[in-house]
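The values are calculated or read from the model by the stated rules, or taken from the named source; none is laboratory data. Since the structure is predicted, the reported quantities are computational estimates derived from the model, not experimental observations. Every residue, glycine among them, receives a Cβ derived from its backbone with ideal geometry; neighbour counts consider all protein chains shown.
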Amino acid sequence: MTYNKPTPALDPDSTKFWESCRAHQLQVQQCSNCNRKRFPAKTHCANCQSTDHDWVEASNIGHVYSWIVVRHPIPKSVFGDDIPYAVALIDLEPGVRMVSRIVDCDPDDVAANMQVQVKFDDVTDELTLPNFKPIDR
């Protein structure tokens, strides 16, 4: 499987997230001390500064908080065939907000508070991207 677009850089904090995506599960960190969920993965909790955490399954359903429609390819050779596309901030649950693409709908139909569901796209044998699609379309 060939994928010619930029891919996320794996680091010790995010590896578990990408492994869960490959298994078609959406997981986020949860502080073992105060139970606050967080994304993206970090070395410590912003609430209580604890470095102890677990990985827990996040909701696969969210709402569009904000979005942009990309209309000009940068660089054209990489994203030109995708134009236009929507990139959104998705609220999954209290305190967890994720940046992702909105797929399976016209970018101009994306709206505030639109209910979306994760759609895992296996782009290579090693990488699965968590995109979101509208519910009830």
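Things worth noting here:
- Residue selection: Pro12 fails the criterion of being touching a helix residue (DSSP H, G or I) at 6+ places or on another chain (Cβ under 8 Å), at pLDDT below 95 and in a loop (DSSP other than H, G, I, E, B).
- Test: residue in segment 78-95 that is in contact with a helix residue (DSSP H, G or I) (Cβ under 8 Å, 6 or more places away or on another chain) and of a type in the set (Ser, Thr, Tyr): yes
- Elements of type strands (runs of 3 or more DSSP E) in segment 36-137, at least 3 residues being over 11 Å from the mean Cα position of the chain (by Cα) and modelled with pLDDT of 95 or more: 53-57, 61-70, 115-122
- Leu92 vs. criteria in contact with a Phe, Trp or Tyr (Cβ under 9 Å, 6 or more places away or on another chain), under 16 Å from Lys119 (Cα atoms), assigned by TED's automatic domain parsing to the domain that holds Asn131 and touching a residue at least 60 places away in the same chain (Cβ under 8 Å): yes
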